[in-house]
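Every read-out reported here was derived from the displayed coordinates using simple, explicitly stated rules and does not represent laboratory data. In this text, all values refer to a predicted model and were calculated from it rather than measured experimentally. Cβ placement follows ideal geometry from the backbone for every residue including glycine, while neighbour counts extend to all protein chains displayed.
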Amino acid sequence: MRLLIETLLSATILFFGTLGTGFIPIVYMNKLIEKGNGEMKYLKYISDFGIGMLLGTSCLLVIPEGVERFAESGSGRGFGISLLLGFLILYGFDRFLHALQTGSIALSWWDAAAEPVVIESRRDFFNLTKTLPIILSNNIVFALVIHGFSDGLVLGVSQSYDSLKVVMLIAIVIHKIPATLSLTGLMISKQRLPKPTVIVNLTAFSLSTPIGLIFVMCLKFISNDILEKFSDGLLVASGSSLLYASLLSLNASGDDHVPYEALEGDESGPEREKESLPDFKLLLLGVVVPLVISFFVPEG
């Protein structure tokens, strides 16, 4: 019962915290459009720190913990398979989205060439035939929803490891704040999406991490033995998915996946590339923080 309450409380805080943070640019939508991108540049510094936190958490904590667990069981092949799966699952989702948007894959309820879906009433917010095409047609939103869901899986799995769960929660929260603000700012100032469409995308992103967390907890209640059996593999897979997400964010040309970079202006060439590259000092600080925090949490 205690685990259920803690999970629901964490999921609720994550949802309303993300939703509330994302509503800040929505409330000041007109002012944001008038001021342009200059007011959003400070988000890049927080984002660089968040990327460093993800890198440090995955490479210094999660994956090494998985190495120790698999070393105890003597299953080196299982570690390699789990590590590879974390990368391939997220990459597969990215490729699926690309194929969906280019029309290579056809779905009966969504046409890539169709006119954009319009939210006309409050009832439409609960109509999946309208909201799903909105989410899937925006590759930035869809990518962040998938990454948010994987963050929730990571949080759920890390609950079994006292040495990880505190650092993991801090890393994801710090990374989520600038990602939420910059995603909403991008949809408003760059994509110029209608306010109802922005709210639909923001809600989907806000739900992604809590759903991932609750999904893992449901697996624990349904069959804790099965989850414990695969928990080490899930831990490594979640670590590699975090590594994939952070490496994707490091890619200066990956504007489709890193929304805050799109807020940096319309410069082109070397100047734009220089602006979009993460600040090394902030990145390094973010990498160091998980290692320092790990010294103050118990070994699990």
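Observations
- Each peptide in 4-10, 22-28, 61-67 receives the mean, over its residues, of other Cβ atoms within 10 Å, and ordering these scores from highest gives 61-67, 22-28, 4-10.
- For Glu68 and Phe23, a Förster radius of 51 Å and the Cβ-Cβ distance give a FRET efficiency of 0.75, rounded to the nearest 0.05.
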